[in-house]
């Protein structure tokens, strides 16, 4: 197996443009585990690593094509000072974070240039890694693109107008904005490790590989509240959102991502995205597999405001706390997580977050993006070093 050096630092990042070539997966021959074991937290550490960098082998995928010349990630003249993050009475340095949080890759951009880049557990710059719920933030961004393009008339539109399979269901009458806020009113249990949860029902529908099976799960949910009144975190909501995008643009969501962001912004490598069936539809809330550098590029695209792809003000709104119809504030944006530490709140920072240690952190005030991939043993609750508190320390250490 090819093993990249222990740390790939900014000095090695280079400043020349990169012509895209046919992708060769350096980990293709590795053993992988079953998808159910990801969600139950039942993968041994080495098997978790090899599985997370080969998730394209778990389900059929659609290719999100990159094209042309990759956007440069030049080396920065800045560097990281030694980090001492004091969190909950404990002091942690960079090596602590990498080791204790099972980090497999970390890249820090300041002003669009690479301050720090490292790959662990045999990963390389060519490694494509699972996004988990980080892709929720990408799916929600495509709603903004479809709105800008005029494919979506308004965020107040009824989701069932774009997804006929949801007519007459708990989703009929919920607006697109309700879905962005995960406030449709449909009852949902997101418990990853509970085989009887709605989240695992959705996974079983995905395993069935029958086109339309996931929307059958969503259409069968009961209504627990009126739309826009209660926020309930739900991967199913993002599946609905991806179907809204598909219905609006009348093409594959993977193709739309390629056309709007992956190719024009200059991603370096094709990504792969899980499908609900062969030649089916993408899994909107998980299953995108991309390189660390391209996750960082997506963060930079969003930090820069999305160019002419997104409506004016979208990026300023999407990552900040929103309000329900009652005026009650929620600690959630348009499928982004607003900052939860004081320092990051002050900077209006926010993050795309995925279980098992996936992050794209964006700090507009400091012009910083931090992309992290990880292989934590359980979906949740296995982060000895609190990530956003550590990101605060990283931002402070850039000199």
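The values are calculated or read from the model by the stated rules, or taken from the named source; none is laboratory data. Please read these numbers as outputs of a predicted model, since none were measured by experiment. Here the Cβ positions follow ideal geometry from the backbone for every residue, glycine too, while neighbour counts run over all protein chains shown.
The condition (being part of a loop (DSSP other than H, G, I, E, B) and at pLDDT 95 or above) is satisfied by just one residue among 254, 183: 183. Here residue 204 passes the criteria (1) assigned to a helix (DSSP H, G or I); (2) surrounded by 16 or more Cβ atoms within 10 Å (Cβ to Cβ); (3) out of contact with any helix residue (DSSP H, G or I) (no Cβ under 8 Å at 6 or more places or on another chain) except the one numbered (2).
If you go through segment 87-117 and keep only what is over 30 Å from residue 305 (Cα atoms) and touching a residue at least 24 places away in the same chain (Cβ under 8 Å), you end up with 87, 88, 92, 96, 100, 101, 102. Restricting attention to segment 317-340, the residues that are more than 15 Å from residue 180 (Cβ to Cβ) and surrounded by fewer than 17 Cβ atoms within 10 Å (Cβ to Cβ) total 5.
Can you tell me which residue within segment 213-234, out of those that are over 14 Å from residue 167 (Cβ atoms) and buried (at least 22 other Cβ atoms within 10 Å of the Cβ), is farthest from the chain's Cα centre (by Cα)? Step by step, filter segment 213-234, then rank; the result is 227. Kindly establish whether residue 147 is in a helix (DSSP H, G or I), under 24 Å from the mean Cα position of the chain (by Cα), surrounded by fewer than 24 Cβ atoms within 10 Å (Cβ to Cβ) and at pLDDT 95 or above. Against the criterion (in a helix (DSSP H, G or I), under 24 Å from the mean Cα position of the chain (by Cα), surrounded by fewer than 24 Cβ atoms within 10 Å (Cβ to Cβ) and at pLDDT 95 or above), residue 147 qualifies.
Would you confirm, using the coordinates I've provided, whether residue 388 is at positive phi, in contact (Cβ under 8 Å) with a residue 24 or more places away in the chain and in contact with a helix residue (DSSP H, G or I) (Cβ under 9 Å, 6 or more places away or on another chain)? No; evaluated as a whole, the condition is false for this residue.
Condition check ((1) free of Cβ contacts under 8 Å to residues at least 24 places away in the same chain; (2) in contact with a strand residue (DSSP E or B) (Cβ under 6 Å, 6 or more places away or on another chain); (3) over 29 Å from residue 304 (Cβ atoms)) across all residues:
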residue	(1), (2), (3)
206	no, no, yes
209	no, no, yes
231	no, yes, no
261	no, no, no
272	no, yes, no
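Please determine whether any residue of segment 295-308 is modelled with pLDDT under 95 and farther than 23 Å from residue 183 by Cβ. For segment 295-308, residues modelled with pLDDT under 95 and farther than 23 Å from residue 183 by Cβ: present. Please indicate, with yes or no, whether at least one residue in segment 72-82 is surrounded by fewer than 24 Cβ atoms within 10 Å (Cβ to Cβ) and at positive phi. Among the residues of segment 72-82, not one is surrounded by fewer than 24 Cβ atoms within 10 Å (Cβ to Cβ) and at positive phi, which makes the answer no. Counting the residues of segment 102-136 that are surrounded by fewer than 24 Cβ atoms within 10 Å (Cβ to Cβ), within 19 Å of residue 38 (Cβ to Cβ) and within 19 Å of the chain's Cα centre (by Cα) gives 2. Selection within segment 297-314: residues that are part of a helix (DSSP H, G or I), in contact (Cβ under 8 Å) with a residue 60 or more places away in the chain and out of contact with any strand residue (DSSP E or B) (no Cβ under 8 Å at 6 or more places or on another chain). The member of this set that is farthest from residue 149 (Cα to Cα) is 297. Residues that are at pLDDT below 95 and either surrounded by fewer than 17 Cβ atoms within 10 Å (Cβ to Cβ) or assigned to a helix (DSSP H, G or I) (or both) within segment 187-196 comprise 191, 193, 194, 195, 196, listed in sequence order.
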